[in-house]
Structure formats: structure tokens, C-alpha cells
Amino acid sequence: AQSVSQHNHHVILSEAASLELGCNYSYGGTVNLFWYVQYPGQHLQLLLKYFSGDPLVKGIKGFEAEFIKSKFSFNLRKPSVQWSDTAEYFCAMPWEMFSGGYNKLIFGAGTRLAVHP
Amino acid sequence: EPEVTQTPSHQVTQMGQEVILRCVPISNHLYFYWYRQILGQKVEFLVSFYNNEISEKSEIFDDQFSVERPDGSNFTLKIRSTKLEDSAMYFCASRATGVNSPLHFGNGTRLTVT
């Protein structure tokens, strides 16, 4: 069955530290993947997406993610975090895609990132 | 940039009462969704809607829940008889056609059932 898992539930970093958040998926077919961010008290915002092509995807606010098919992973990275990156990060993938898109986007459990000044 | 809007931002209701959560999706989007997030927990899919009918629904979306697109702009979620465990943040989302179209989320409605 399709699933998305995020094993780091809480991450605490100091400003300027490098970040890598894990995301693993389970699916045998064509994979499309997203990372969303939820700042405190706000809605989910798209950080980046992977559909095909270059497995290294660059998103907003200096984030990037690498799709590694052999590892079933799509880890999120940022070379130097800022206090303003404090948020919850969700990895997501479409469930059962069709030509029009997908009827459901399934989310991982999320990783809460706290960045200390 | 166009955005999904939700009203109200916070709704307090008593157990057993009906609530209607309202959403205005992005105007050229055809696929609509409701998700919920209980405090401190993961984002859970409730239902998706396309062409005036439900495309997919989760086991959470039982007979107490319904969705409607009453006109060309609004998309509503109704809970007929609220329970304490319905307290959560409810997010509406919409997307354009295509496998590479992400979901665009609204700011959410915080529902508190007392």
C-alpha cells in the first residue's frame, strides 16, 4: 500500500546549522512527491515538488530535496537554517494518480523543526 | 497570487449542533478537498470533490459529514451533529487539473466543540 513516513518527529537546531529531514515512501509505480511547510498558526504552504526529471529539486526559501529512487527517499535539505524556518514540515504524495491528477494527497506525520537563535 | 479562503477562522459550537464550514477555492480550480488536523497530530484527508460529486472519502467522512458546491464559487463542509472529537483545524484545498498540480490550502477553520 502507498504510504509516506517521516521518522524525525522533532528536530532542534541552532541558526546556521544544516538541515536534513527524512521522508521515505512506499509505492511501486511512478512517484510524485511534495514538501509542505506549516508555520505556527498558519496553513500548509508548498515548499517544492518532484514529478520527473532532475532528482534534485529546488524550492522556495533556499530549500531543496533529492529524490533517490533506490532508497525510496525524498529528503529535504537546507544548508543554513534561520530562526524563521521554525515550523512543521510535511512530506506528501498523491494517492492513485490519473490523467486529471489525484483524488487524495497523503501526508507523512510531520517533523517539527525548532531553530534557536 | 490567488488563494483559497475559508470562513470563519474560528467556530465554537456545542456538541450535537450542526456546523457549516465555508471555503472559496481558487477560481479556475476544479478539484476540491477537505482535510483536518487535530491539535498536534497529522494532516488527515477527509474528502475530495470534482464535477459536483465526491471522488474519494476517508473512513472519517461518515454520514455525519457532507460537502456541497452550492454555487460557482463556494465549497462547504457540513457536520450534522458535532461530537467532541470533531474539534480540529479544518483545511480546504483546491488544485488545477494535472498530475503536477499541488494542493493550495486555505488558512483553515478552527472548530471547537464543547
Within the stretch A:27-48, of all residues that are over 17 Å from A:E88 (Cα atoms) and either open to solvent by 50 Å² or more (accessible area, probe 1.4 Å) or among the β-branched types (V, I, T) (or both), the one nearest to the other protein chains (Cβ to nearest Cβ) is A:T30
**Message:** Going by what's in this entry, would B:Y50 be described as among the hydroxyl-bearing types (S, T, Y) and closer than 24 Å to A:Q38 by Cα?
**Reply:** no
Exactly one of B:S101, B:S94 is within 14 Å of chain A (Cβ to nearest Cβ) and in contact with a Phe, Trp or Tyr (Cβ under 6 Å, 6 or more places away or on another chain), and that one is B:S94
How many residues of the stretch A:59-117 are within 14 Å of chain B (Cβ to nearest Cβ), open to solvent by 40 Å² or more (accessible area, probe 1.4 Å) and either of a type in the set (F, W, Y) or touching a Cys at 6+ places or on another chain (Cβ under 8 Å) (or both)? The answer is 2
Scanning the stretch A:10-26 for residues that are within 12 Å of A:P79 (Cβ to Cβ), in a loop (DSSP other than H, G, I, E, B) and open to solvent by 50 Å² or more (accessible area, probe 1.4 Å) gives A:A16, A:S18
Checked the stretch B:8-19 for anything of a type in the set (V, I, T) and surrounded by 14 or more Cβ atoms within 10 Å (Cβ to Cβ); matches are B:T13, B:V19
If we ask which residues in the stretch B:61-91 are away from chain A (no Cβ under 11 Å), closer than 24 Å to A:G100 by Cβ and surrounded by 13 or more Cβ atoms within 10 Å (Cβ to Cβ), their number turns out to be 10
Per the filter on the stretch B:17-28, residues touching a Lys or Arg at 6+ places or on another chain (Cβ under 6 Å) and assigned to a loop (DSSP other than H, G, I, E, B) are B:E18
Within the stretch B:35-57, the count of residues that are more than 18 Å from B:E68 (Cβ to Cβ), part of a loop (DSSP other than H, G, I, E, B) and not hydrophobic (A, V, I, L, M, F, W, C) comes to 3
Taking the conditions exactly as written (more than 9 Å from chain A (Cβ to nearest Cβ), in a loop (DSSP other than H, G, I, E, B) and of a type in the set (F, W, Y)), does B:F32 satisfy them or not?
no
Within the stretch B:35-56, residues of a type in the set (D, E, K, R), closer than 26 Å to A:S99 by Cα and facing chain A (nearest Cβ under 9 Å) come out as B:E44, B:E56
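The values are calculated or read from the model by the stated rules, or taken from the named source; none is laboratory data. Everything numeric in this text was worked out from a predicted model, so none of it was measured. Virtual Cβ from ideal backbone geometry, glycine too; neighbours counted across all protein chains shown. Side chains are part of the model used for accessible areas, which takes the heavy atoms of the whole protein and leaves out ligands, DNA and RNA. Shrake-Rupley method; radii C 1.70, N 1.55, O 1.52, S 1.80 Å.
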